[in-house]
Amino acid sequence: MNSIISKEKAAAMEKEAKELMKKAKGLTAPSLLELRFKPDWEGASPMLDKAALLFKQLGNIDKALEAYERAAHAQERLGSQWHAAKHYEVIADLSRQQNRPKDTAKYYKIAGDYYMECGKPTAAGEVLARGARVLEDVDPEEAERLYYDSLDVYESSEREAYAVDAFRAAIAFLLRRERWADAVEVLMRFGAISDKVGATNTQNKSYLGAVVTWLWAGDAEAAWSTFQDAMAVDSFANSNEAFAADALFEAYRSKNEEAISSLVKSKAIFKQLDHQVARLATRLPSPASKVRRMGRKLRHLMAEPEEEEYDGEEGGGFDGGEGGDGRDRGEDGLL
């Protein structure tokens, strides 16, 4: 209970709230005595709204939840999906306060659905992303579902211009969870929607971020494939981000960890990526990745036809590093 409210005031508020709930219940039930043959939702709705607010102010979350759910139902019956959505947002937040993540996710999703029903997709996308953010630490799986629902709403309703914050939050969340493939997929989607709204700088940073993510994950082939896909976009192919990515591949192809580290530290463009992506970029190469193996893979993928006829090093079919002594075989095995 709010410590500012005196006991007498609290008792009066609780009494009023209970009376309002009782009156509202009566109005929603048919009564021959009062010649009411169908529920009076219009009369009951403001009573339920006030009762819900009073219970919330008193800190009686269980009663507040009950009142808000009935208030939301009343708004649904009145055909006011907007007000129903607002009530479900409050219910979601109260569920969060009660440490009920599944209910929190459920009610944020319901709120989003009602915003969609009343033709407010931007509000739907925002509420779904907000729900995802509050659930990131307590229920990551539900948070991920809500993020994807939010992105889908923005894209399907062609509200891409309003989706920037949701995309960035989703990407950061997936990277923190080390969901590399999913993060790259969302980065590429972010690049595509940025192209639609003319945000070329954001698009180019998204594609460079996708390359960085795969390299951090140690998947040189996926990084190169992603880069080739991005190079099909003219605005990226001629960008500083594309040149930075190309230089990064060359550094990896050299199999020299120091060269990779020096490159990312020398180019400000890597620090200008969105925060979570920039954190990976400026720490390349990843301690967990096998740089020598990645370098060999990239040498093959990046080779011109005449280079493929000759593997670029003397000494046969094994890569023995700069000295050709075969020391890398124990780490990585066959080419």
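Observations on the model:
- Selected residue (only one of V186, V134, V138 is in a helix (DSSP H, G or I) and either over 28 Å from I269 (Cα atoms) or modelled with pLDDT under 95 (or both)): V134
- Residue in the stretch 80-92 that is at pLDDT 95 or above and of a type in the set (F, W, Y) present: yes
- Of the residues making up the stretch 193-222, those that are farther than 25 Å from D152 by Cα and either among the aliphatic types (A, V, I, L, M) or touching a Cys at 6+ places or on another chain (Cβ under 7 Å) (or both) are L215, A217, A220.
- Among residues of the stretch 99-125, those that are within 17 Å of E136 (Cβ to Cβ) and either polar (S, T, N, Q) or at pLDDT below 95 (or both), counted: 2
- The stretch 227-248, subset part of a helix (DSSP H, G or I) and small (G, A, S), residue farthest from K205 (Cα to Cα): A247
To keep it simple, each residue is scored yes or no on (1) of a type in the set (A, V, I, L, M); (2) within 23 Å of I269 (Cα to Cα).
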residue	(1), (2)
Y162	no, no
D165	no, yes
R179	no, no
A192	yes, yes
T202	no, yes
W214	no, yes
A217	yes, yes
A223	yes, yes
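- Qualifying residue in the stretch 252-259 (condition: in contact (Cβ under 8 Å) with a residue 12 or more places away in the chain, small (G, A, S) and not in a helix (DSSP H, G or I)): yes
- Residue check, W224 assigned to a helix (DSSP H, G or I) and without any contact (Cβ under 8 Å) to a residue 40 or more places away in the chain: no
- Which numbered condition A244 fails, given (1) surrounded by 15 or more Cβ atoms within 10 Å (Cβ to Cβ); (2) among the small types (G, A, S); (3) closer than 20 Å to A288 by Cβ: (3)
- Annotation note: of E158, E185, the sole residue that is in the same structural domain as A244 (by TED's automatic domain parsing) and surrounded by fewer than 24 Cβ atoms within 10 Å (Cβ to Cβ) is E185.
The values are calculated or read from the model by the stated rules, or taken from the named source; none is laboratory data. Remember, predicted model here, so these are calculated numbers, not experimental data. All Cβ positions, even for glycine, are placed from backbone atoms using ideal geometry, and neighbour counts span all protein chains on display.
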